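The values are calculated or read from the model by the stated rules, or taken from the named source; none is laboratory data. Remember, predicted model here, so these are calculated numbers, not experimental data. Cβ placement follows ideal geometry from the backbone for every residue including glycine, while neighbour counts extend to all protein chains displayed. All accessible areas refer to the heavy atoms of the entire protein, side chains included, with ligands and DNA or RNA removed. Shrake-Rupley method; radii C 1.70, N 1.55, O 1.52, S 1.80 Å.
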Amino acid sequence: VPVSEDASVGTVVALLSVSDRDSGANGRVRCWVWPASPFGLEATFAGSYSLVLREALDRERVSEYEVEVRAEDGGAPALRARRGLRVPVSDVNDN
């Protein structure tokens, strides 16, 4: 679903769930968005995250974002996973 270019900072773009079956440090998961973009992750509760808008969007400058959500557990060596997301930006001022 496209995100409107006039969406407010803090708008939730997607809901994500991340889990690791291990216990203790090996079961702790750290998540982040890559590359740097106008989106960020906020933990909502154990294993759940919201992809939120952190900056204003301008469709004339960028019409679509390709971001990855990356996750890493607390094991040694750490296990990693990633998932790509495409976030189209809809225009609000075209006639």
The local net charge around Asn26, scoring Lys/Arg +1 and Asp/Glu -1 for residues other than Asn26 whose Cβ lies under 14 Å from its Cβ, equals 0
Over the chain, the quotient of the Cα radius of gyration and 2.2 N^0.38 Å is 1.23
Once all protein chains are kept in place, Ser37 shows an accessible area at probe 1.4 Å, nearest 10 Å², of 30 Å²
Given a Förster distance of 25 Å, the FRET efficiency implied by the Cβ-Cβ spacing of Trp34 and Val1, rounded to the nearest 0.05, works out to 0.70
